[in-house]
Amino acid sequence: MFEKFEPPPEDPIIQLIGIIRNDPRPEKIDMGVGVFMNDHGQTPVLSVVRKAEELLHAQQTTKAYVGVAGNETFNSEIIRLAFGDSADMQRTRGIQTPGGCGALRMLSDMLYRVAPDRKVWVTDPTWGNHYPIFRGSGFEVDSYPYLDWNTRTVDIDRMMSGLSTLGQGDIVVFHACCHNPSGAELSPDDWDEIARLASQNGFFPFFDMAYQGFGDSLQSDAYSIRKMAREVEAMVVASSCSKNFGLYRERTGCAMLVGESAATADVARAQLLNTARSSYSMPPDHGAALVAMILADPQLRHEWEEELRTMRERILGLRSRMSLALRETSGTPDWDFIADHRGMFSLLVLDKQQVERLRTDHAVYCVAGGRINIAGLKNADEIQRFADALVAVTR
Ligand code: LMR
């Protein structure tokens, strides 16, 4: 049986985790996988999460199954977080999933059941795992223009002309905020135009929202989704609590959908549940139970929003200090775009040799193409070391 196997392609992000771990150099700088790190290089458990864990421990009376849809308080709180208080709850549904990745895959599998001939379009570039997820469902996947590789801003003209060729046979994947890998963001005006085009041409919007609250605020990071939901009849959103609640290993996500009517939303949700049941059956409880507790309790929610703000402000602060250090070290404004990017990542657009030299000569790790996790820098000394290394390899 297994002798027929060829080794599968390596996932560059997962591979990098192992490489960094095995590097004995104490001065190594880890800007690889997308986890938030504090000034000490740690990915802490949020203190509000610890509090909720204590409450949960005291209150939990059973470990019986949570059900295929998971925690219903979690589902409705996450829907409200994404779609806002004015969400059309008549037509919006959600189910808890194992992480944002689980939400992406369940939504994709569900859509493939109803629209196997449609083509999925992802941004160029996009998160590496988008391709295997949508292809794994059976879809053909292609890309539409997103990044201007010179300015590292969104190439909105090319993006809009790419999207204008798409229509009812297409599913278009959008990053709701904090684009991964580029960090280049769309403005509210851009989203208005995109939503108008979706409604006019009839392509189906599929949002990946893994970083709500890491860009500018919980509200403004959801502008894209809220605008689109007002314009189109149906859409889906995969959201993740890995980053904004720091619950990476608890695999906590939500698959959401907006249907044309309450009735179609109900049937689509039933299909989603059926997809989940034939995959992992039921989601794990712990992370979603904590999130439900935090979002439903005004005091805990306030504490969470403050902790989220601290994480966001650390990243924004690092962005301006980094671009300043790079301006001084390189003597050029070439890296100023880092300050304008949002979320955890910026794509520096480096070639293979440059990424390799950062690793071997400077113990600085980033993902292929030069995607850096900004939060990987601990202090002023590391910011300067990173700036020196980057200028040295790009000179
Ligand atoms: C990343 O892009 O680094 C994160 O989303 C983690 C992952 O699973 O790839």
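The values are calculated or read from the model by the stated rules, or taken from the named source; none is laboratory data. Since the model is a prediction, treat every value here as computed from it, not as a measurement. Heads up, the Cβs are rebuilt from the backbone with ideal geometry, glycines too, and the neighbour counts pull from every protein chain shown. All accessible areas refer to the heavy atoms of the entire protein, side chains included, with ligands and DNA or RNA removed. Shrake-Rupley method; radii C 1.70, N 1.55, O 1.52, S 1.80 Å.
In the list Arg269, Arg321, which residue meets the criterion of being in the same structural domain as Asp170 (by TED's automatic domain parsing) and of a type in the set (Lys, Arg)?
After ruling out the rest, the residue left standing is Arg269.
Restricting to the stretch 1-47, and then to whatever is within 25 Å of Val355 (Cβ to Cβ) and acidic (Asp, Glu), can you tell me which residue is farthest from the ligand (Cβ to nearest atom)?
Glu27
This table checks each residue for (1) away from the ligand (no atom under 16 Å from the Cβ); (2) modelled with pLDDT under 95; (3) over 24 Å from Arg277 (Cα atoms); (4) charged (D, E, K, R).
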{"position": "Gly84", "(1), (2), (3), (4)": "yes, no, yes, no"}
{"position": "Gly99", "(1), (2), (3), (4)": "no, no, no, no"}
{"position": "Leu107", "(1), (2), (3), (4)": "yes, no, no, no"}
{"position": "Thr126", "(1), (2), (3), (4)": "no, no, yes, no"}
{"position": "Pro145", "(1), (2), (3), (4)": "yes, no, yes, no"}
{"position": "Thr153", "(1), (2), (3), (4)": "yes, no, yes, no"}
{"position": "Ser161", "(1), (2), (3), (4)": "yes, no, yes, no"}
{"position": "Gly167", "(1), (2), (3), (4)": "yes, no, yes, no"}
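Spot the failing condition for Ala392; the list is (1) open to solvent by less than 50 Å² (accessible area, probe 1.4 Å); (2) within 24 Å of Asn180 (Cβ to Cβ), and only one is missed.
Just one mismatch for Ala392, condition (2).
Filter the stretch 254-277 down to residues that are open to solvent by less than 10 Å² (accessible area, probe 1.4 Å) and part of a helix (DSSP H, G or I), then give me how many there are.
Selection size over the stretch 254-277: 4.
Looking only at the stretch 166-178, decide whether some residue is touching a Leu at 6+ places or on another chain (Cβ under 8 Å), of a type outside the set (Lys, Arg), within 17 Å of Phe203 (Cα to Cα) and surrounded by 15 or more Cβ atoms within 10 Å (Cβ to Cβ).
yes
Scan Arg359, Arg301, Arg342, Arg371 and give me the residue that is open to solvent by 40 Å² or more (accessible area, probe 1.4 Å), within 16 Å of the ligand (Cβ to nearest atom) and not assigned by TED's automatic domain parsing to the domain that holds Gln212.
Exactly one residue qualifies, and that residue is Arg342.
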